[in-house]
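Chemist: Structure provided below as structure tokens; questions to follow.
Each reported figure results from applying straightforward, stated rules to the coordinates on display, with no laboratory input. From a predicted model like this one, the values you see are computed outputs, not experimental measurements. Virtual Cβ from ideal backbone geometry, glycine too; neighbours counted across all protein chains shown.
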Amino acid sequence: MDRILAINSSTSGEGSVSRALVEDTVQSLLAANPDAVVTRRDLGGDPIPHLTPKTVAGIRAVAATEDELVTKSLSDDLIAELQHATVLVIGAPMYNFSIPSSLRTWFDHVLRPRVTFAYGESGPEGLLKGIRDIVIQSRGGLYTEGPAKVIDFQEPYLKQLLGFIGITDVAFVHAEKIGFGPEAREAGIAHARSQIAAAVAQIAAGGATFPNQAEG
């Protein structure tokens, strides 16, 4: 039985393209596997507190103060959601060529030494294995090709963060040119939905790892 963790990070509310596509993905996964269990985390509507000097030891050291213990408890909960999941769905709109600060803060809480990654003789090793991930990337412009590709700091960053904790089986879905007018917007969303359908079909079939979708 699949256990789906769906994460939204958009601050645009119900008008968010990434939020709508995350829900499309979840419903498609449920159609393929009605017994799947879904856990939802809305980082845009219910943001996680940014780390501060008063709280950071709860993640990176030994929690001692009340503030540090509260932060460690939240980190424990977020990591437990990840460890329980077999399928991860992340809605990651592009904000200023990268990811929303709410999503970065989530990563700050789940990238935790000796829990989700560890250092060994050959360097860092991710400790979260076997999770398949569909990342929904909505973008106002075109970044999978052309002159703007070099300023896409979103997808390479997400690949690094996810891979660092062992999540390497990732399908990147691109909803691009959302800001280029109604026709381009609809075309971008339609393209993203076709990518979602392909990724969900592969999960449902129990296939091998996702193909490299970096080029769209």
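Chemist: What whole number of Å gives the distance from the Cα centroid of the range 172-187 to the Cα centroid of the range 1-54?
Modeler: Measuring centre to centre over Cα atoms gives 20 Å.
Chemist: Give the lysines whose C-alpha is closer than 29 Å to that of LYS54, dropping any in the same chain fewer than 8 places away, or say none.
Modeler: Candidates past the 8-residue exclusion: LYS72.
Chemist: Turning to a different aspect of this structure: Which part of the range 8-23 falls in the paramagnetic zone of ALA187, meaning amide N under 20 Å from the point 7 Å along Cα-to-beta-carbon?
Modeler: 17-18
Chemist: Follow-up question, since we're still on this one. On full extension of the chain, what length is gained from GLU121 through PHE97, given 0.36 nm per residue of separation minus the C-alpha to C-alpha distance? Display every interim value, and only then the final one.
Modeler: On the way: separation 24, 0.36 × 24 = 8.64 nm, distance 3.48 nm.
Full-extension gain reported as 5.2 nm.
Chemist: Describe numerically, in nm with one decimal, the distance between label points set 7 Å from Cα along Cα→Cβ at ARG60 and at ILE151.
Modeler: 3.0 nm
Chemist: Also: Please give the length that would be gained between GLN160 and SER194 if that part of the chain were fully extended, namely 0.36 nm times their separation in residues minus their C-alpha to C-alpha distance (nm, one decimal). Working shown, then result.
Modeler: Numbers: separation 34, 0.36 × 34 = 12.24 nm, distance 2.51 nm.
Between GLN160 and SER194, full extension yields an extra 9.7 nm.
Chemist: What ranking, highest mean first, results for peptides 118-128, 83-93, 68-78 when packing means the other Cβ atoms within 10 Å averaged over each residue? Show your work: numbers first, answer last.
Modeler: Numbers: 118-128: 11.5, 83-93: 22.7, 68-78: 17.2.
Highest to lowest by the protection proxy: 83-93, 68-78, 118-128.
Chemist: What lysines does LYS149 reach when the alpha-carbon gap must be under 17 Å and sequence neighbours fewer than 8 apart in one chain are set aside?
Modeler: List returned: LYS159, LYS177.
Chemist: Moving to a separate point now. How far is it, in nm, from the label point at ARG114 to the one at ALA80 when both lie 7 Å from their Cα along the line to the Cβ?
Modeler: 2.0 nm
Chemist: Do you know the relative contact order of the chain, to the nearest whole percent, from alpha carbon pairs under 8 angstrom that are 6+ apart?
Modeler: Values: 375 pairs, mean separation 45.6, N = 216.
Over the chain, the number comes to 21 percent.
Chemist: Which residue, THR65, ALA31, GLY91, has the largest displacement toward the positive end of the dipole of the chain when charges sit on each Cβ (Lys, Arg +1; Asp, Glu -1)?
Modeler: THR65
Chemist: Relative to the Cα centre, what is the charge dipole magnitude of the chain, using +1 at the beta carbon of each Lys and Arg, -1 at the beta carbon of each Asp and Glu, and rounding to the nearest 20 debye?
Modeler: On the way: 18 positive and 25 negative charges, 43 e Å.
Charge dipole, the chain, about its Cα centre: 200 debye, nearest 20.
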